[in-house]
1. How much length is gained if the chain between ILE124 and LEU57 is pulled fully straight, taking 0.36 nm per residue apart and subtracting their Cα-Cα distance, in nm to one decimal?
2. Applying the Karplus parametrisation 6.51 cos²θ - 1.76 cosθ + 1.60 with θ = phi - 60° to the phi angles of the range 119-132, what ³J(HN,Hα) value in whole Hz is obtained for each residue in order, glycine and proline being reported as x?
3. Could you calculate the FRET efficiency of VAL114 with GLN76 from 1/(1 + (r/R0)^6), where r is the beta carbon distance between them and R0 is 30 Å, rounded to 0.05?
Amino acid sequence: MALLGVGSVIALNSRNKEVLAMGRDAWQMIRYYLFIRQDHPRQGKHNVLQKLTYFALPIFGILAVLTGLAIWKPVQLAPLTWLLGGFVWARYWHFLAMVVLVALALAHVFMVFVVDPYSIPSMITGNYNPALSPEERNARPFYHLFPPSREHAAEESSVTKASSP
């Protein structure tokens, strides 16, 4: 475990600017979802919270498998059980890994339905209209869920044309 920690520190120090930028971007997305920030932060195909989730899922999945093996066969896999702090601690680590996996999965499904329901058909067809992306609609959970109607879009464009010099 100590080698893993030292390796992580070295890897983080070598990519310090990127890690700090990710933290800043994650904080901006959290502020946006909590209605503190008004405009949608710029993103690519996935926002930083999605990227962090997709990074964390395999790590917690591997941890769940290893801890599950340690509590399934504690005598046969005694070195693994010892590495996790013993049988009782292996159970705690397993419970924590499973809670995180379930929470991330539930949060992911919830956010798909309440922020970007237009991505659901694209999971089957592969076609996605970028004009309906959450970034374009300035969508957050239960807010700007539907695209503006054509009449509303026409009104907004006429207002912006009238106000421009």
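1. Using 0.36 nm per residue and subtracting the Cα-Cα distance, I get 21.9 nm.
2. 7, 5, x, 5, 5, 9, 8, x, 9, 9, 8, x, 5, 9
3. 0.10
Where a number appears in this text, it was derived from the coordinates with a stated rule and is not lab data. Note that this is a predicted model, so its numbers are computed, not measured. As a convention, Cβ positions derive from the backbone with ideal geometry for all residues, glycine included, and neighbour counts pool all protein chains shown.
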